[in-house]
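The values are calculated or read from the model by the stated rules, or taken from the named source; none is laboratory data. Just so it is clear, the model here is predicted, and its values are computed rather than measured. Note that each Cβ is placed from the backbone with ideal geometry, even for glycine, and that neighbours are counted across all protein chains shown. Areas reflect the complete protein model, heavy atoms only, side chains present, ligands, DNA and RNA absent. Shrake-Rupley method; radii C 1.70, N 1.55, O 1.52, S 1.80 Å.
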Amino acid sequence: MAASADTTTTTTSCTLSGRIALVTGGGGGIGCACCQVLAREGARLVVTDINLQAAKHTVALLPGGQQHVALAMDVTDRRSVEDAMKSAQDKCGAPPSLLVNCAGVLVFASILETDDDSWQKVIDINLTGIFLVTQAFATSLLENGKDSKGAIVNIASIAGKTGHPLTSAYSASKGGVISLTKTCATELASKAIRVNCVLPGVIDTPMIAIASEEMTESNMRLIPLGRLGRPEEVAEVVAFLLSERSSYMVGACVEVTGGYGM
Ligand SMILES: NC(=O)c1ccc[n+]([C@@H]2O[C@H](COP(=O)([O-])OP(=O)(O)OC[C@H]3O[C@@H](n4cnc5c(N)ncnc54)[C@H](O)[C@@H]3O)[C@@H](O)[C@H]2O)c1
């Protein structure tokens, strides 16, 4: 019998050298870790956040600091998003070809107590923000990118799959992120832009500091690994999904949860 074709000869690189990566919420726990891992992999970072000081702090932590850029961007504001995308291109000489949609907020309230304003705020930042940033990113890449091959990773949440008590707006927004990911993935794959998402479990960042001790303890009992996740454990998966090592992954939802919610 003839030897089968060797399918292992194609080499894929883990490096993101020469790529420009824009991260939203880059001043926060998971966003900052993503920037650090992507910079380690050779990417030039455009670190954006509604909190410019936090974005600058992240840039200060990155290897090769001078090539990276910190920009203010409010993901809920189309003008702010489009201005930041244009600044990124002007400062870097080309549009970003990698995007991490990481900005987010969490509000704890029961469905009976969730008021209109907090519902709308969570949906605006967590879901509409991804719509606005993805649209601006893809438009600028397809219009101006010499090599328009791109990749997007959306940070959803395991709560978007399982639901979670006291997080109706948050869980609904993250469920929306999962379906938005899959829809964008189907539309953009033919334009050489892969879209995937990550579903973190409970990760040790400022976001979960608002949880009560009781809430954290009851979450811990549901995590088979028996500990909180670290931001860099999410960031490593994000870097993989942005790299060519995941070249056949489109519309995937990768759980990074220590086994919680599987
Ligand atoms: N920490 C967790 O347990 C956990 C679990 C699942 C998913 N996530 C998701 O991971 C992402 C990052 O969360 P984190 O834990 O690092 O939280 P974090 O609070 O440390 O970071 C969130 C960042 O988003 C920024 N932000 C808020 N509103 C913004 C806006 N309108 N425009 C731009 N930036 C804005 C904040 O300034 C902050 O820097 C979020 O989408 C969150 O929902 C976190």
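Within the chain, helices built from complete DSSP H runs that reach 24 Å or longer along their own axis (Cα positions) and carry a mean Kyte-Doolittle hydropathy of -0.5 or higher are 168-188. Ranked by solvent-accessible area (1.4 Å probe, protein heavy atoms only, all chains present), the residues R19, R78 order from largest to smallest as R78, R19.
Under a model in which nothing but the beta-carbon of Lys, Arg (+1) and Asp, Glu (-1) is charged, the chain shows a dipole of about 740 debye around its Cα centre.
Note on E236 and N51: with the Förster distance fixed at 25 Å, the Cβ-Cβ geometry gives a FRET efficiency of about 0.55.
Overall, the anisotropy analysis places segment 181-262 in the prolate class: the square-rooted eigenvalues a ≥ b ≥ c of its C-alpha gyration tensor yield a/c not less than 1.5, with a/b exceeding b/c. Compute a Gaussian network model of the chain, connecting alpha carbons closer than 10 Å, and tell me which residue from I193, I123, I223 fluctuates the most. Ranking I193, I123, I223 by mean-square fluctuation puts I223 first.
All C-alpha to C-alpha distances of segment 20-256, sorted into 5 Å bins beginning at zero, yield P(r) values of 1, 7, 15, 20, 21, 17, 11, 5, 2, 1, 0 percent in whole numbers.
Shown for the chain: lysine pairs separated by 8 or more places, or found on different chains, whose C-alpha atoms are under 17 Å apart, numbering 10.
Dipole magnitude for segment 142-193: about 120 debye, using +1 per Lys or Arg Cβ and -1 per Asp or Glu Cβ, origin at the Cα centre. Toward the positive end of the charge dipole of segment 137-262, about the Cα centre and with charges on Cβ (Lys, Arg +1; Asp, Glu -1), which of G160, L180, A239 goes farthest? In segment 137-262, that residue is L180. When the chain is treated as a GNM with alpha-carbon contacts under 10 Å, the residue of A72, A239, A60 showing the greatest mean-square fluctuation is A60.
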